[in-house]
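The values are calculated or read from the model by the stated rules, or taken from the named source; none is laboratory data. The structure presented is a predicted model; accordingly, all values stated were derived computationally and were not measured. Note that we place each Cβ from the backbone using ideal geometry, even for glycine, and neighbour counts take in every protein chain shown.
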Amino acid sequence: MTITRRTGLMLGAGALAAPFVLRPSAPANAKAKMMGPSRPGHMRFPHGEFEVTTLFDGSVQLPGPHPIFGQDQDAEDVAALAVANNLDPAKMEIGFTTTMVNTGNELILFDTGNDVTKRATAGKTRAQMEAAGYSPEDVDIVVLTHFHGDHIGGLMVDGKPAFPNARYVTHEAEYDHWIGKENELALSNVKPFAEKMTFLKDGQDVVSGVTAMAAHGHTPGHTVYHIESGDRRVLVTADTANHFVASLERPDWHVKFDMDKEAAAATRRKIFGMLAADGIPFIGYHMPYPAVGFVKDNGSGGFEYSAAGSQLFL
């Protein structure tokens, strides 16, 4: 726009009456470039005197939910459940979320994620940790909820401990099962830490405020952890539920990954029944990132999931 003496006088006279904005002319074909998909890598929130950080280790896309979920159900029924929840009935994403708890005295890491060399779209826990302001050397305790590859794959990097200053905690039944079977990954990634390993049973503490709870079925020693500080409680549920719809709305449906399917279903009912009754949030390893949410009774024999939000920060 060209400003003349006349338009200048008009602007001056009307400046108080109405706003007038001068905008530089722009090419008619100006476009912002496409940036590609993006999602956050960590979320940290206060938890009483503790801090909790969830780390996005990555994800994998698979056909499904059926037959991985609802393995004992008709494919059409599983597809209908997906559609009713605005999900694609033919493909799905499974995410991986590790959790850190800083008690002020110890930095605790729950599970270590995938081996980045084995799964190109995951294995990001150490990178996300550093982006969140921590180094792998800061980790004091590594808690292994169970020994599936997406939980113990990140224990080693190039044949060396990924968290060199840590001690390790797990359930003895889990250790005995996988080491006894001479599972290759357990032998290479877990057994080297045997002398630094502490075995916990149901009700025992990792440290004050961090308590083990038996949640067997998914694997023989699968264990979840109750985190309590001040008036805040949260449960790290690991793989008690592997899908935020199929495993929660239909807790009795069989899941391919569960070693003892009936025991796993009973555990889902017990754990999520408690969370629903007490209104306790939980961090689920395979829940949609940032993987923190609540459940309530859905009135149909299962549970309804909702993602946590600002209440974590109040």
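Which one of these does Val236 not meet: (1) without any contact (Cβ under 8 Å) to a residue 12 or more places away in the chain; (2) touching a Phe, Trp or Tyr at 6+ places or on another chain (Cβ under 8 Å)?
(1)
For the stretch 73-122, name all the residues that are touching an Asp or Glu at 6+ places or on another chain (Cβ under 8 Å), hydrophobic (A, V, I, L, M, F, W, C) and over 29 Å from Val210 (Cα atoms).
Once the filter is applied, which keeps residues that are touching an Asp or Glu at 6+ places or on another chain (Cβ under 8 Å), hydrophobic (A, V, I, L, M, F, W, C) and over 29 Å from Val210 (Cα atoms), the stretch 73-122 yields Leu81, Ala82.
What residue, of Val83, Val78, is assigned to a helix (DSSP H, G or I), more than 29 Å from Lys124 (Cβ to Cβ) and in contact with a strand residue (DSSP E or B) (Cβ under 9 Å, 6 or more places away or on another chain)?
Val78
What tally of residues in the stretch 34-63 results from selecting those that are part of a strand (DSSP E or B) and within 11 Å of the chain's Cα centre (by Cα)?
Going residue by residue through the stretch 34-63, those that are part of a strand (DSSP E or B) are 42-47, 50-63.
Next, from what is left, pick out any that are within 11 Å of the chain's Cα centre (by Cα): 42-43, 53-59.
The total comes to 9.
Of all the residues that make up the stretch 216-229, how many are without any contact (Cβ under 8 Å) to a residue 60 or more places away in the chain and touching a helix residue (DSSP H, G or I) at 6+ places or on another chain (Cβ under 8 Å)?
So the answer is 3.
For Asp176, all conditions in the list (1) closer than 14 Å to Gly221 by Cα; (2) in contact with a Pro (Cβ under 6 Å, 6 or more places away or on another chain) hold save one; what is the number of the exception?
Going through (1) closer than 14 Å to Gly221 by Cα; (2) in contact with a Pro (Cβ under 6 Å, 6 or more places away or on another chain) one by one, Asp176 breaks only (2).
Here is a list: Ala291, Ala241. Which entry is among the aliphatic types (A, V, I, L, M) and touching a Lys or Arg at 6+ places or on another chain (Cβ under 7 Å)? Working first, answer last.
Numbers: Ala291 fails: touching a Lys or Arg at 6+ places or on another chain (Cβ under 7 Å).
None of the other options fit; the residue is Ala241.
If I filter the stretch 90-147 down to residues being of a type in the set (Lys, Arg) and surrounded by fewer than 20 Cβ atoms within 10 Å (Cβ to Cβ), which single residue comes out as farthest from Ala246 (Cα to Cα)?
Of everything passing the filter in the stretch 90-147, Lys118 is farthest from Ala246 (Cα to Cα).
In the stretch 216-239, is there at least one residue being touching a Leu at 6+ places or on another chain (Cβ under 8 Å), modelled with pLDDT of 95 or more, over 26 Å from Ile179 (Cα atoms) and not in a strand (DSSP E or B)?
no
Yes or no: the stretch 277-293 includes at least one residue that is more than 19 Å from the chain's Cα centre (by Cα), surrounded by 15 or more Cβ atoms within 10 Å (Cβ to Cβ) and more than 23 Å from Phe147 (Cα to Cα).
No; the residues of the stretch 277-293 include none that is more than 19 Å from the chain's Cα centre (by Cα), surrounded by 15 or more Cβ atoms within 10 Å (Cβ to Cβ) and more than 23 Å from Phe147 (Cα to Cα).
Can you work out which of the residues in the stretch 193-225 that are within 28 Å of Asp252 (Cα to Cα) and of a type in the set (Ser, Thr, Tyr) is surrounded by the fewest Cβ atoms within 10 Å (Cβ to Cβ)?
Only one residue fits best here, namely Thr211.
Mind checking which strands (runs of 3 or more DSSP E) fall wholly inside the stretch 261-314 and carry at least 1 residues that are touching a strand residue (DSSP E or B) at 6+ places or on another chain (Cβ under 9 Å) and without any contact (Cβ under 8 Å) to a residue 40 or more places away in the chain?
292-297, 303-307
Against the condition surrounded by 22 or more Cβ atoms within 10 Å (Cβ to Cβ) and closer than 18 Å to Gly273 by Cα, how does Thr240 come out, does it pass?
Answer is yes for this residue.
Go through the stretch 61-74 and give me each residue that's of a type outside the set (S, T, N, Q) and either surrounded by 13 or more Cβ atoms within 10 Å (Cβ to Cβ) or under 30 Å from Glu130 (Cα atoms) (or both).
Residues satisfying the conditions are Leu62, Gly64, Pro65, His66, Pro67, Ile68, Phe69, Gly70.
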